[in-house]
Amino acid sequence: MFTQAEEIKAHAGPQKTGTRLIRYVDALREAFEEEMARDPKVFLFGLDVDDHKGIQGSTVGLQEKFGKDRVFCTPLSEDAMTGVAIGAAIAGYRPIHVHIRMDFMLLCMNQLVNMAAKSHYMYNGQVKVPLVVRTMIGRSWGQGGQHSQALHSMFMHVPGLKVVAPANAHDAKGCMIAAIRDNNPVIFIEHRLLYSTEGYVPTQPYAVPLGKARILTEGSDITIVAVSHMVMEALRAKKHLEAIDIQAEVIDPVTLWPLDMDTIMASVKKTGRLLMIDNAWLTCGASSEILTRAMEICQEEAISMPALARMGFAPTTCPTTRPLENLFYPDGRTIAVKAYQMIKGKQAKGWEPPVSAKTEIDAFKGPF
Amino acid sequence: MTDQIVVARLYKTMLLIRQLELRIAEIYHTDAIKSPVHLSVGQESIAVGVCDPLEKDDIVSNTYRCHATYIAKGGDLFGMMAELYGKSTGCAGGKAGSMHLVDIKNGVMGASAVVGTTIPVATGYALAMQNEAKMTGRQRVVVALCGDGGTEEGCFYESINFAALRKLPIIFICENNRLAIHTPLEKRWATNQLCERMSTFGIQTHKIDDADVFKIRDTMINALAEIRHGTSGPIFIECATYRWLEHVGPLDDHYDDYRDKNTYQLWQDNDQISRLARMLDDQVRMEIEKEVTLTIAQIEKYAEESPYPAAEELYTHVYAS
Ligand SMILES: Cc1ncc(C[n+]2csc(CCOP(=O)(O)OP(=O)(O)O)c2C)c(N)n1
């Protein structure tokens, strides 16, 4: 476990009463435990949820506490199991279906897009699908092409689905509780490298409202919007920039759909610059959506266009070997340089941020 | 009396797989291999029994647990080890890692880490081989391997139905180690009559429940002959086996207590590698062991000394030219 005190401060704010420092993965577990105790209709299922490893610890002990009817594993049949979850949700239950990688959700697309997303509208409100689909973005240690994909924009594209990607322990618990209580299908996106990051989390149940962005650090020179694990990189960039007197405002949208453009635009109006860092490919992605919305809003309100830029995965399949994988992802230093150039002009060269201390990326060792 | 040349050949390949994988496990802690490794230690007789009778231009498709079949099919060993090390000389230039070994020249189709996904792809390859044979007069065969977990995906049944319908030249092999990660069969299957289920598609099925490498090989020899002569379409073979190490990674995880140690003992007593060793005379056996040790040292050195891919490699092969 690593604790990077500085980042946690930036990440979760100072300690408030009734909170303590716990890991992202334990915050999730707490959300399940509290919500399952509160509402007997909530149940959790998926591959490996009841084995001794318990989805990186996030489901450990739940079967002992709530029984095999409410916490159970399934065969490797993601497509059908997604339909099963939807059916139970329509019947009034609140299933949480778990996948250990986002890549495997491609097997669930028919059910999620054609049934979960459509039912409430298509049947004119007669049915609801209060479903949570938990899924994890993988990274590093050779996860490679099929264990590292971040496909949130595919889900953002489809009306009827909500998409949330909390980047710290506090939001992990609060968003999970909100997702479980929501009457719509919610795609809940976690990240393997966030699991061991710690944050101050209230002991009591609380909901972080879906559709509300979070300003993590205030600054007047540039707005950096970052998604999921890239929030950590954006916070590293912010520190690099601070050292040369550039103040970045870092915003985590938290919910990717519905998107809180009000918070983002309030910041952009102040800074005049918007740098969007997605934890995904750029084409037709969350970054396309956020930058387009920013332009549209500026046009509608007849305000001057901010400087716009975006970064994300290289437009390739993710390679496994470390030297290429390092080039595949943006990091705190490349983000800082991009921000610096947006402020000082493209020709401004010669600034290179120092190499970061050991991060959660270096600390992560497989085998998975 | 089984032919000593065959025994020696099977022993050599099985020992190579076992020793190489144990070596991978041994050096894993050095972080030279930054790749999730799904080792086949204990399951080698299936890969070798299945692949030994294949021709070089026959095709195998496998899963992320692919080292054994890659080696047994004749995949390039230097390319394999360098791939695990993430080096430019790897069988996929360092882009694939342990879970996606590929060697098209030697008939290794390219492994997938999404369970079940290669089963229909292998079926498609067999469709092409069926058409090709109409022109060449020579029937190449595809072998599609999956685990017991793989049979739970819809595409498994959909593929077998299609293969049976079109009488495709494909042999489906289920390596049944009764575990999907840590979850036992009893928590995943309503009944364990897998062969019976498959036979309702009107295809030949075989169940080998002791991992006997000769039984597996003989079953394959007969199956291949029938398919090549066009007297049979797809054939399904279920092979029982036991995974000695953890699902992914270098360790023996029996201390985690999710499986029965007596069963492990039974499978160790039934170890096909020790069995073959006992069938060989000492001289031959020691020769083979020396050769295997030397091979492993050579490929390890090659992997260590090979360079990492250059930065521009990130952008090669995004699209075919
Ligand atoms: C579609 C899909 N679902 C889940 C997983 C996660 N997963 C990886 S291996 C595995 C178990 C597969 O078991 P089995 O097919 O019996 O093969 P074995 O590992 O025993 O060789 C699971 C669930 C995956 N890789 N792909």
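Summing charges over all other residues whose Cβ lies under 13 Å from the Cβ of A:T316, with Lys and Arg as +1 and Asp and Glu as -1, gives -2. Averaging the Cα positions of each part gives two centres, and for the stretch B:206-267 and the stretch B:1-43 these lie 16 Å apart. How tilted is helix A:286-300 with respect to the longest principal axis of chain A? Cα atoms for both, answer in degrees (0 to 90, nearest 10). Compared with the principal axis, the helix lies near 60 degrees. Accessible area drop of at least 30 Å² (1.4 Å probe, protein heavy atoms): which residues of the stretch A:57-78 qualify, relative to the chain alone? Listed in order, they are A:C73, A:P75, A:L76. Cross-link pairs exceeding 25 Å in C-alpha to C-alpha distance, out of A:K338/B:K87; B:K134/B:K207; A:K68/A:K173; A:K162/B:K95, comprise A:K338/B:K87; B:K134/B:K207; A:K162/B:K95. Taking other residues whose beta carbon is less than 14 angstrom from the beta carbon of B:D282, and scoring Lys, Arg as +1 and Asp, Glu as -1, yields 0.
Exposed loop sites here mean GluC sites (Glu not before Pro) with a DSSP loop assignment and at most 15 other beta-carbon atoms within 10 Å; chain A contains its longest site-free run at A:1-217.
By DSSP, the beta bridges lying fully in the stretch A:4-202 are antiparallel in about 20 percent of cases. Excluding residues on the same chain fewer than 8 positions from A:K344, give the lysines whose Cα lies under 26 Å from its Cα. Correct list for A:K344: A:K238, A:K239, A:K269, A:K270. Applying the Kirkwood pairwise sum to the alpha-carbon positions of the protein assembly as shown produces a hydrodynamic radius of 27.0 angstrom.
Surface analysis of the stretch A:302-368 yields an accessible area of 50 Å² per residue, using protein heavy atoms and a 1.4 Å probe. The alpha carbons of the stretch B:152-278 stretch over 48, 38, 24 Å along the principal axes, in descending order.
Straight-line cross-link partners of B:K105 among the aspartates and glutamates, defined as a Cα under 20 Å from its Cα and at least 8 positions apart when in the same chain: B:D52, B:E55, B:D57, B:D58, B:D76, B:E83, B:E132. Using a probe of 1.4 angstrom and keeping all protein chains present, the accessible surface of the stretch A:1-141 works out to 41 square angstrom per residue. Shielding of peptide B:152-160 by partners, expressed as the average count of other chain Cβ atoms within 10 Å per residue Cβ, is 3. Among the listed pairs B:K34/B:K56; B:K167/B:K215; A:K53/B:K215, those whose Cα-Cα separation exceeds 27 Å are B:K34/B:K56; A:K53/B:K215.
Counting only complete DSSP H runs, which helices of chain B cover 18 Å or more along their long axis at the Cα atoms and score a mean Kyte-Doolittle of 0.5 or above? Length and hydropathy pass: B:4-27. Mind checking Rg over Rh on chain B, alpha carbons, Kirkwood formula for Rh? The Rg/Rh ratio comes out at 0.95. Inter-chain neighbour count for A:136-145: the average number of beta-carbon atoms from partner chains within 10 Å of each residue's beta-carbon is 5. What is the helix-to-structure angle for A:332-344, meaning the angle in degrees between its Cα long axis and the longest Cα principal axis of chain A, kept from 0 to 90 and rounded to the nearest 10? That helix lies at roughly 50 degrees to the long axis. Just to be sure I understand the interface: list residues from the stretch B:167-194 that lose 20 Å² or more of accessible area between the chain on its own and the complete protein assembly, 1.4 Å probe. So the qualifying set is B:I181, B:H182, B:T183, B:K187, B:R188. If you fit an axis through the alpha-carbon atoms of helix A:24-38 and take the longest principal axis of the Cα set of chain A, what angle between them do you get, 0 to 90°, nearest 10? Helix A:24-38 and the main axis of chain A meet at about 40 degrees. Charge dipole (Cα centre; +1 on Lys/Arg Cβ, -1 on Asp/Glu Cβ; no other charges) of the stretch B:4-315 amounts to roughly 900 debye.
Of the residues B:E287, B:E158, ranked by 1.4 Å probe accessible area with the largest first, the sequence reads B:E158, B:E287. Volume per residue for the stretch B:225-314 equals 278 cubic angstrom (convex hull of Cα atoms).
Solvent-accessible surface, computed for protein heavy atoms with a probe of 1.4 Å, shrinks by 50 Å² or more for the following residues of the stretch B:89-118 when the other protein chains are added to the isolated chain: B:K95, B:V114. Rg and Dmax, both from the Cα atoms of the stretch A:283-368 and both in Å, are 16.8, 53.
Between chain B and chain A, the total buried accessible area stands at approximately 3000 Å², from heavy atoms with a 1.4 Å probe. DSSP beta bridges fully contained in chain B are about 10 percent antiparallel.
For the protein assembly as shown, give the share of DSSP beta bridges that are antiparallel, in percent and rounded to the nearest 5; count only bridges with both residues there. Of those bridges, close to 20 percent are antiparallel. The residues of the stretch B:177-321 expose, per residue, 55 Å² of accessible area to a 1.4 Å probe.
Using heavy atoms of the protein chains and a probe of 1.4 Å, the accessible area assigned to A:K338 is about 60 Å². Placing unit charges on each Cβ (+1 for Lys and Arg, -1 for Asp and Glu) gives chain B a dipole about its Cα centre, and among B:G93, B:G202, B:S35 the Cα reaching farthest toward its positive end belongs to B:G202. Within the shell defined by Cβ-Cβ distances under 14 Å, the residues around B:Y255 carry a net charge of -3, with Lys and Arg each +1 and Asp and Glu each -1.
Ellipsoid fit via the Cα gyration tensor, the stretch A:4-202: semi-axes of 26, 19, 17 Å, each the root of five times an eigenvalue, largest first. Springs between Cα atoms under 10 Å define the GNM used for chain A, and in it the highest mean-square fluctuation of A:P253, A:P75, A:P319 occurs at A:P75. Inter-part distance, the stretch A:295-368 to the stretch A:49-80, computed on C-alpha centroids, equals 37 Å. Its Cα centre serving as origin, the stretch A:4-202 has a Cβ charge dipole (Lys and Arg +1, Asp and Glu -1) of approximately 340 debye. In the stretch B:1-131, the inverse of the mean reciprocal separation of distinct Cα atoms equals 15.1 Å; this is its Kirkwood hydrodynamic radius.
Rounded to the nearest 20 debye, the dipole size of the stretch A:100-221 about its Cα centre is 360 debye, using +1 on the Cβ of Lys and Arg and -1 on the Cβ of Asp and Glu.
Stretching the chain fully between A:I297 and A:K365 yields a gain of 20.1 nm (0.36 nm per residue, less the alpha carbon separation).
Counting only protein heavy atoms and a probe of 1.4 Å, the accessible surface of the protein assembly as shown is 54% carbon and sulfur.
One compactness figure for chain A is 0.97, namely its Cα radius of gyration divided by 2.2 N^0.38 Å.
The values are calculated or read from the model by the stated rules, or taken from the named source; none is laboratory data. Owing to the predicted nature of the structure, the values given are computational and were not obtained by experimental measurement. Because the Cβ atoms are built from the backbone with ideal geometry, glycine has one as well, and the counts that use them run over all protein chains shown. Ligands, DNA and RNA are stripped out before the accessible areas are found, and what is left, the full protein with its side chains, is counted by its heavy atoms. Shrake-Rupley method; radii C 1.70, N 1.55, O 1.52, S 1.80 Å.
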